[in-house]
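Nothing in this text is a laboratory measurement; each read-out follows from the coordinates by a stated rule. All values reported here derive from a predicted model rather than from experimental measurement. As a convention, Cβ positions derive from the backbone with ideal geometry for all residues, glycine included, and neighbour counts pool all protein chains shown.
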Amino acid sequence: RKEVEQDPGPFNVPEGATVAFNCTYSNSASQSFFWYRQDCRKEPKLLMSVYSSGNEDGRFTAQLNRASQYISLLIRDSKLSDSATYLCVVTVRMDSNYQLIWGAGTKLIIKP
Amino acid sequence: EAGVTQSPTHLIKTRGQQATLRCSPISGHTSVYWYQQALGLGLQFLLWYDEGEERNRGNFPPRFSGRQFPNYSSELNVNALELEDSALYLCASSFSRDYGYTFGSGTRLTVV
């Protein structure tokens, strides 16, 4: 089992719809969680951190479920510009170091 | 504030040669991470430097090496280049693991 798993998609969603996808992680000691977006042939950019209480940034809502070990990203009123690959990242403590574990990403395509 | 800068943006080398990639983190960031992203694939962790020390290393052969300088900039060296080393090499920096990571725009290495 991969340490961080995402549905690769693609999710084909009409413009204006709401879309949600999850990311599961296997290490219960995971400490920090993030969502990044990556446009084709570009670098990943931080979309939002994921807090235990959940957080919202405009049309984007992130949730953390520690009991079931997953994080989620909800996009409301989707725009064409939301088309991208969404990567989840988990930080895990290993001995005295911290390791970033990246999901392979979920591809989202918003259609007019 | 300047972001993470990487140079060169593109690099073409022949098999067996050596490549040197450079990264300057955001001012104040002491951690630098190197990733490899082959076309169509996820991010593969290469190296993590913090305060001049190598903190962690991904599952790559020893011909992938690097260092971090006193000003926190970093170099990634790839010796004895192979065709499958062709990829986008991304550098990211962070102030703290809880604040997310900012990526540079990458160096696209092509080995012919």
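Tabulated data
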{"read-out": "Test: residue in segment B:94-109 that is away from chain A (no Cβ under 12 Å), over 15 Å from residue B:13 (Cα atoms) and surrounded by fewer than 17 Cβ atoms within 10 Å (Cβ to Cβ)", "value": "yes"}
{"read-out": "Every pair of residues 6+ apart whose Cβ atoms lie under 6 Å, when the first sits in segment A:30-42 and is within 8 Å of chain B (Cβ to nearest Cβ) and exposed (fewer than 15 other Cβ atoms within 10 Å of the Cβ) while the second is among the β-branched types (Val, Ile, Thr) and not in a loop (DSSP other than H, G, I, E, B)", "value": "A:31/A:91"}
{"read-out": "Check on residue B:89, touching a Leu at 6+ places or on another chain (Cβ under 6 Å), crowded, with 22+ Cβ neighbours inside 10 Å and either part of a loop (DSSP other than H, G, I, E, B) or within 12 Å of chain A (Cβ to nearest Cβ) (or both)", "value": "yes"}
{"read-out": "Any hit, segment B:52-71, residues being more than 16 Å from residue A:98 (Cα to Cα), within 11 Å of the chain's Cα centre (by Cα) and either of a type in the set (Ser, Thr, Tyr) or facing chain A (nearest Cβ under 9 Å) (or both)", "value": "yes"}
{"read-out": "The lone exception for residue A:78 - which of (1) surrounded by 19 or more Cβ atoms within 10 Å (Cβ to Cβ); (2) within 14 Å of another protein chain (Cβ to nearest Cβ) it fails", "value": "(2)"}
{"read-out": "Pair list, Cβ under 9 Å, 6 or more apart: segment B:23-46 residue more than 9 Å from chain A (Cβ to nearest Cβ) and assigned to a loop (DSSP other than H, G, I, E, B), other residue aliphatic (A, V, I, L, M) and surrounded by 15 or more Cβ atoms within 10 Å (Cβ to Cβ)", "value": "B:25/B:4; B:25/B:32; B:25/B:92; B:26/B:4; B:29/B:4; B:38/B:87; B:38/B:88"}
